[in-house]
Structure formats: structure tokens, C-alpha cells
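Only the coordinates and a few stated rules stand behind these numbers; no lab work does. Quick caveat, the model's predicted, so the values are computed rather than measured. Positions of Cβ are backbone-derived with ideal geometry, glycine not excepted, and every protein chain shown enters the neighbour counts.
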Amino acid sequence: MVVLILMVMIMGLVLPGLRRSWEKEKTRGSLRELAATLRAARSTAATERQRVRVFFDLQAGRYWVENIPRHGAWPSQLQVADAHLVWQNPTLRQGYIAFYSDGSSSGGRLELSDPDGRRYRLDVKVITGRVRLGS
């Protein structure tokens, strides 16, 4: 009986920490997926020699690549802290980042924050089209 009580107490201490770690990794995974989508769009633009745009709906927290029906999304607990995009509709907070056949881009930045105050920043360089994810 004592062993069971000790196990329950230990689980009570360990589980909240595991949950926080799981949420943090889920957030990072979603952001890595967004960065990978941007890198794939850049690669597609260079390979197919045409402009490729990645659209963002900041109110809904989702993104998609031009002419591809599949959407991606970042976790709902993340809020947009700052965004520098080519604005398609500033009122609805919809914009895009474009990648061109020469490897360059329109450039852009998306900064998201979580409830704990942690910030995640995604930068796309204008001249090189390089995508960088940082915190």
C-alpha cells in the first residue's frame, strides 16, 4: 500500500512537467513544419522557375502554399506578436511571402508568442530567400 501511495505521489509530481514538455515540443514541431513549408516553396520556385507564394491568415492561425489545397496551422495557444508580410488584405490580416525563380523572395517576418511569454521568430531574407527559425 505504501509503495502505491509513493508511486501516485511521484506521478503527481512528474506528469505536469511531462505535459509542459510535450506542449513545448508540439509547438516547436508545428513551427518547424511551417519553416519546412517555406523552404519547400523556395525550392519549388527555383526548380519550376516561377513565383510561389505562401499565404498566411493571421486571424485563423493558418497558412498554405499557392495552388495547393492543403493547409497548415500553428498551435492555437500561439498569438501573432509581429508580422511583416506582403499584405493582401490588411484588414483581415491576410498576407503572403513570395519566392522567385532566382532564389530571392519578397522577404518577411512572423513573430509568435506563447502564453508563457516565449517568442518564436521566423525570418525570410529578401536577397537569398533563406528561411530561419529562432526563439
Extended-chain gain in nm, criterion 0.36 nm per residue less alpha-carbon gap, residue 123 and residue 49: 24.4 nm
Per residue, the convex hull volume that the Cα atoms of the chain enclose (Å³): 125
Full-extension gain in nm, residue 135 to residue 82, via 0.36 nm per residue minus C-alpha separation: 17.7 nm
Percentage of interatomic Cα-Cα distances in region 29-86 larger than 17 Å: 39
Local net charge near residue 72, Cβ-Cβ under 9 Å (Lys/Arg +1, Asp/Glu -1): +1
Estimated 222 nm signal from helices in the chain, with DSSP H stretches of n ≥ 4 weighted -39500 (n - 2.57), rounded to 500: -13000 deg cm²/dmol
Folded to 0 to 90 degrees: helix 2-48 orientation relative to the chain principal axis, Cα: 10
Listed peptides 1-13, 20-32 by packing density, highest first (mean Cβ within 10 Å): 20-32, 1-13
